[in-house]
1. From the list 171, 217, 131, pick out the single residue that is buried (at least 18 other Cβ atoms within 10 Å of the Cβ) and either touching a residue at least 40 places away in the same chain (Cβ under 8 Å) or farther than 20 Å from residue 31 by Cα (or both).
2. Out of (1) farther than 21 Å from residue 105 by Cβ; (2) loosely packed, with under 13 Cβ neighbours inside 10 Å, the odd one out for residue 204 is which?
3. Would you call residue 105 out of contact with any His (no Cβ under 8 Å at 6 or more places or on another chain), charged (D, E, K, R), free of Cβ contacts under 8 Å to residues at least 12 places away in the same chain and not in a loop (DSSP other than H, G, I, E, B)?
4. Name the pairs whose Cβ atoms lie under 9 Å apart, with the first residue in segment 27-41 and surrounded by fewer than 17 Cβ atoms within 10 Å (Cβ to Cβ), the second part of a strand (DSSP E or B) and among the aromatic types (Phe, Trp, Tyr), and 6 or more positions between them or separate chains?
5. When residues of segment 138-177 are filtered for being over 16 Å from residue 60 (Cα atoms), under 17 Å from the mean Cα position of the chain (by Cα) and assigned to a strand (DSSP E or B), how many remain?
6. State yes or no: is residue 180 part of a loop (DSSP other than H, G, I, E, B) and over 14 Å from the mean Cα position of the chain (by Cα)?
7. Is segment 29-36 home to any residue that is touching an Asp or Glu at 6+ places or on another chain (Cβ under 8 Å), part of a loop (DSSP other than H, G, I, E, B) and charged (D, E, K, R)?
Amino acid sequence: MDHRLNGYGQPIGLPVELDLPRPLPPHTPLRGEVATLVPLSADHADGFFEVFTDPAGWTYLGDETPFADRDAARAWTATKASSRDPLFYTVLVDDRPVGFLSLLRINPQAASIEVGFIHFSPALQGTRAATEVQYLLMRHVFEDLSYRRYEWKCDALNAPSRRAALRLGFTFEGIFRQALVYKGRNRDTAWYSVIDSEWPARRTAFEAWLAPANFDTDGRQRQSLSDCATG
C-alpha cells in the first residue's frame with residue numbers, strides 16, 4: 001500500500017522517516033575502477049576543447065553552443081566551475097577530461113536531485129567508464145547523501161538520452177508538453193526517475209555489469225546491463 005488513512009478517512013501519503021533537509025552535495029571526487037569524477041575546473045578547458053569536436057553533441061544541451069575556439073572553451077569552463085546548481089563534475093579517464101555531467105535542481109527538503117547537463121565525448125560514449133560514472137554518482141546520491149529521488153530529464157526528441165535513461169534503470173514518468181523554450185525552439189520534456197527503494201537492485205545490476213569478468217579480452221560486454229538487472 002502506498003498510502004494510509006487519516007482520522008477523517010482520507011488517503012494520505014506514508015510517513016517519511018528521514019531527517020530533512022538532507023545535506024547539499026559536497027563537491028568532492030568520486031573514484032571508480034576505470035574513471036573518476038572530479039569537480040569541474042578551469043584547468044579542464046583545453047581538454048574539453050580537444051575532445052568535443054562534434055558540434056552535433058551540443059544540440060540538446062540547453063542554450064550551450066560548440067566552442068568557437070580555446071578562449072571560448074576557457075570562458076565557458078570557468079563559468080561552470082563556479083556554479084553550485086548545477087554542480088559540475090568532469091569525467092577523467094587516464095587523467096584526461098573526456099566529458100562532464102552535473103547534479104542540479106538540488107532540493108534538500110524533498111531529498112530530490114537531478115542528474116543532467118551530460119556531455120560525453122566520442123572517446124567516452126558507449127564505454128565501461130561512461131556507465132561507471134553514472135553508477136558512482138547515483139550511489140553517491142542514495143548512499144552518501146540519503147536522497148529519496150534521482151531524476152533524469154531530457155528533450156523528448158532526444159532519443160539517445162531517452163534510451164540511456166532506460167538502460168540505466170530509470171522509470172519513465174511521462175512527457176511535460178511545451179515545458180521549455182531553448183535555442184529558440186520548443187521543448188517537450190521527458191521525465192524519468194529512480195527512487196531510493198529501487199536503488200539496491202539497481203546497484204546489484206550495475207556492479208554485476210561493471211565486474212571485470214563481464215568483459216572479454218577485447219573489452220566487449222558478455223551480459224548487457226538489462227540482462228544483469230533481470231538476472
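The values are calculated or read from the model by the stated rules, or taken from the named source; none is laboratory data. Please read all numbers here as calculations on a predicted model, not as lab measurements. All Cβ positions, even for glycine, are placed from backbone atoms using ideal geometry, and neighbour counts span all protein chains on display.
1. Answer to the check: 131.
2. Of (1) farther than 21 Å from residue 105 by Cβ; (2) loosely packed, with under 13 Cβ neighbours inside 10 Å, only one is false for residue 204: (2).
3. No.
4. If the second residue must be part of a strand (DSSP E or B) and among the aromatic types (Phe, Trp, Tyr), the pairs left are 27/88; 27/89; 29/89; 39/88; 39/89.
5. So the answer is 6.
6. Considered against the rule, which asks whether it is part of a loop (DSSP other than H, G, I, E, B) and over 14 Å from the mean Cα position of the chain (by Cα), residue 180 comes out as no.
7. Looking through segment 29-36, at least one residue is touching an Asp or Glu at 6+ places or on another chain (Cβ under 8 Å), part of a loop (DSSP other than H, G, I, E, B) and charged (D, E, K, R).
One line per residue, one yes/no per condition, for (1) touching a strand residue (DSSP E or B) at 6+ places or on another chain (Cβ under 8 Å); (2) surrounded by 10 or more Cβ atoms within 10 Å (Cβ to Cβ); (3) not aliphatic (A, V, I, L, M):
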residue: 4; (1), (2), (3): yes, yes, yes
residue: 7; (1), (2), (3): no, no, yes
residue: 18; (1), (2), (3): no, yes, no
residue: 55; (1), (2), (3): no, yes, yes
residue: 66; (1), (2), (3): no, yes, yes
residue: 90; (1), (2), (3): yes, yes, yes
residue: 96; (1), (2), (3): no, yes, yes
